[in-house]
Amino acid sequence: MSTSEEISALLVTRFGTDPLDIRPEVPLRQLRLDSLALEELRLLIEDRMDIDLEDVVLSSRDTVGHLVAAVRDKAGA
């Protein structure tokens, strides 16, 4: 499963996001992810992908594409 697919799966299963809404250009706030939900998502991604995202700063204004790129960068490091 690709990074994008992993993140999409978490958004759908854990946050009830409509899969059709998950596109690279969509801001996370449009998916109804507030700061608490973003922190939960970060922890879920860390556990699922066995990476450390402690220094990745996310806000609800970031896009899905930005999140995927940040996770890919960390996974490749």
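The values are calculated or read from the model by the stated rules, or taken from the named source; none is laboratory data. Everything quoted here is computed from the prediction, not taken from an experiment. Backbone-built Cβ (ideal geometry, glycine too); neighbour counts: all protein chains shown.
Within the stretch 1-45, the set of residues being closer than 20 Å to residue 75 by Cβ and of a type in the set (D, E, K, R) comprises 5, 6, 14, 39, 40, 42. Would you check if there is a residue in the stretch 43-62 being polar (S, T, N, Q) and at pLDDT 95 or above? No. Restricting the first member to the stretch 57-77 and to residues that are within 18 Å of residue 37 (Cβ to Cβ), and the second to residues that are assigned to a loop (DSSP other than H, G, I, E, B) and of a type in the set (D, E, K, R), the beta-carbon pairs closer than 6 Å and six or more apart or on different chains are 63/25.
Exactly one residue among 4, 8 is surrounded by 15 or more Cβ atoms within 10 Å (Cβ to Cβ), closer than 12 Å to residue 67 by Cβ and in contact with a Pro (Cβ under 7 Å, 6 or more places away or on another chain), and that residue is 8. Scan the stretch 14-29 and give yes if some residue there is of a type in the set (Lys, Arg), on the phi > 0 side of the Ramachandran plot and surrounded by 11 or more Cβ atoms within 10 Å (Cβ to Cβ), otherwise no. Checking the stretch 14-29: not a single residue is of a type in the set (Lys, Arg), on the phi > 0 side of the Ramachandran plot and surrounded by 11 or more Cβ atoms within 10 Å (Cβ to Cβ). Checking each residue in the stretch 32-74 for being aliphatic (A, V, I, L, M) and assigned to a loop (DSSP other than H, G, I, E, B) picks out 33, 51, 53, 56, 57, 58.
Kindly indicate the residue of the stretch 31-77 that is surrounded by 14 or more Cβ atoms within 10 Å (Cβ to Cβ) and among the polar types (S, T, N, Q) and also nearest to the chain's Cα centre (by Cα) among those meeting that condition. Selected residue: 63.
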